Structures are given as structure tokens and as C-alpha cells.
1. Only one residue in 94, 87 is surrounded by fewer than 21 Cβ atoms within 10 Å (Cβ to Cβ), closer than 25 Å to residue 38 by Cα and at pLDDT 95 or above, so which one is that?
2. Just wondering, is there one or more residues in segment 247-265 that are over 25 Å from residue 121 (Cβ atoms), at pLDDT below 95 and touching a strand residue (DSSP E or B) at 6+ places or on another chain (Cβ under 8 Å)?
3. What number of residues in segment 1-24 are touching a helix residue (DSSP H, G or I) at 6+ places or on another chain (Cβ under 7 Å) and not in a helix (DSSP H, G or I)?
4. Does residue 105 meet the test of being touching a residue at least 12 places away in the same chain (Cβ under 8 Å) and within 20 Å of residue 250 (Cβ to Cβ)?
5. Kindly indicate the residue of segment 134-160 that is surrounded by 20 or more Cβ atoms within 10 Å (Cβ to Cβ) and part of a loop (DSSP other than H, G, I, E, B) and also modelled with the highest pLDDT among those meeting that condition.
6. Just name the residue that is surrounded by the fewest Cβ atoms within 10 Å (Cβ to Cβ) out of those in segment 225-247 that are under 14 Å from residue 323 (Cα atoms) and touching a helix residue (DSSP H, G or I) at 6+ places or on another chain (Cβ under 7 Å).
7. Among what's in segment 175-196 and is in a helix (DSSP H, G or I) and without any contact (Cβ under 8 Å) to a residue 60 or more places away in the chain, pick the residue that is surrounded by the fewest Cβ atoms within 10 Å (Cβ to Cβ).
8. So which of 35, 78 is surrounded by 15 or more Cβ atoms within 10 Å (Cβ to Cβ) and either closer than 21 Å to residue 196 by Cβ or at pLDDT 95 or above (or both)?
């Protein structure tokens, strides 16, 4: 079964409008309950308190639009599959919500993420729904766990500047929709366009100056959902390197941000979970970029890597590997460039935090 372009457009608009309309009410609830991010730490880039809980709007947008579409279009046969994709994301979204309110310690949260990753990975491999299997079930499970946990944390880490994570995920999800639609993978295409609409609807309230943050609830939900969709996605390229590079390119910027921050902290003898002004956004701000120019730079990089992912799926087979390697080499050059940029941290800033 496939959906028409107009049906996909409806899914996109419904999720966008739903999240855009419900988010201000969630913002009022967050303020009333004092679930607010105060800018009293050195790594914060905002100057006024900003409420959390924006992720609840994204979760609501994805769930309501998805199940309303299943019922409205009478495609009940995919109900069970949609549930299996969404349950892990919702569960970690709930864990993130608890973290937003109670401030969980990093390691218990990390353990829960791994348990979810193990369950989802075993399910994907055992049901032969992994998009790019390696031929070894053990390696497939191990790589899937690494991908799910890694992307969930990468999106969570990357949510450190107004509009950065929401805009980036919207771009990557739109690209995944385009690739899945071309490959006749209608469920992945439909859920990707819903995710894109939901994050764009949230971006209206999250763009600089942000009036609400998605928090851990939104970041973990979005991260696990995006990771699961890319794992299920079956890329077009024949070459294995090219097939594996497409999901990497779609998530290239959040992975770059997390890699730079984690390596910087380890080199400084600090915990990877410790806060600091060492993300891509902080480094661009240190280069005298404005906040708007910073997020547009991050979005532009996302558009570039996403465009390369699309290009790889359309070039002749003998060019797939070459383009993939060149793109990954450019990613490494960016990693070296950003890692060399000076950062400013206060030694007293030792609070464990999500970014």
C-alpha cells in the first residue's frame, strides 16, 4: 500500500498545526508547575528562564496524527507495526519527562536507554525488519543498539541552542520521507513526514528567542523514533558502505556535535555527562556568530549532508562508495575544525546535564 502526495501533505499539515497550537498551552502548564530552565550555569546560552515540556507537544502531535490517520484511512493492518515503533520512543519520552521534572542521574538513565535499545534491536533482527543487515545477527544487534542509544543521546546533547535540534530533525525527517517514498516504504515515509511536521510545528515556538524547550522528554522521544525509522529504512544503494552512510549522513550534525563535545570532555579529564560550553553552537558563538547565524549554520550543514544522502541514492552504482567516502571525510574535517576551536568552561560547573 502507498499513500498519495496529497495524503502525505495532509499528515504533515495536521501534525504541524496540532503541535503549533497545543505548544503554548503546554508552555503555560510548565510555567505554572515551575518546570523551567534557569540560566544560572555557564553553559547556558539563554538569559531568561525558559519552560521545558515542549516535547509533550511533539509526542502528542506524532501519536494523534499517526493513529488518526490509521483510523481515518482504514489502514488497520499497520496498527501493530506503528505501535511497536512508537512504544519505545514514548517510553523513553516518559523517562525524559521524569528527568525534566526530577533531574535523574545520568547513569540510571543511560542504563534504561540501553535496555530499550536491546529490546528494539532484537525485535528488528528477529523479525527481519532491519533495513541494512550485515549478514551477522550478532553484529546487527550490536550496531542497532549502538545506533539507538547513540542517536537518542546525540539529539539530547544537540538540543543546546534555540531551534537547533528541532530544525535539524525536521530537515532530516523530510529527507528520510523523500527517500522512503521513492523506495515505496510507505510506513516509514508516513511516520517521517509526521515527525517532520511535528518538529516544525514546535520550531515556531522554539526558534530564537525560544519560548519553550523540548526538554529530555522531546529529545529522547524524537531521537529514538528517528533512530528506529532509519534502522528500518532500506536504502537504495547496492554498495554496503553507501547503504550504511545514508543514515549516518541524515544524523551527521547531531553526531558531529556529540562527538566534539564528548572527545573534548574526555581529553579534559571530565565526565562526558558534565556540562560545558563545548558544543558546536557554543563554538560558533565563540567565533562571534549570532544565535540566528549559528542555527542557520547548523541547518545548512544538515541540508548539505541530507542532500548528499539523496545524491548517493540516485548516482550510478560505481559512484556510490566514492561520494560516501568523500562526504564522511568532509565530516571528519569538520570534526577536526570544531575540536580545535577554543571553548570556555568554568571549573565550578559540575552539574550533570543533558547537553
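The values are calculated or read from the model by the stated rules, or taken from the named source; none is laboratory data. What you see is a predicted model; the values in this text were computed from it and never measured. Don't worry about glycine lacking a Cβ; one is built from the backbone with ideal geometry, like all the others, and counts go over all protein chains shown.
1. On the way: 87 fails: closer than 25 Å to residue 38 by Cα.
From the options 94, 87, the qualifying one is 94.
2. yes
3. Counting residues in segment 1-24 that are touching a helix residue (DSSP H, G or I) at 6+ places or on another chain (Cβ under 7 Å) and not in a helix (DSSP H, G or I) gives 3.
4. Judged against the criteria, residue 105 is not a match.
5. Only one residue tops the list, namely 159.
6. Filtering first and then ranking leaves 238.
7. Applying the first criterion (in a helix (DSSP H, G or I)) to segment 175-196 yields 175-182, 186-196.
Narrowing the set further to residues that are without any contact (Cβ under 8 Å) to a residue 60 or more places away in the chain leaves 180, 188, 192.
Details: 180: 25, 188: 23, 192: 29.
Once the filter is applied, the top-ranked residue is 188.
8. Numbers: 35 fails: either closer than 21 Å to residue 196 by Cβ or at pLDDT 95 or above (or both).
Exactly one residue qualifies, and that residue is 78.
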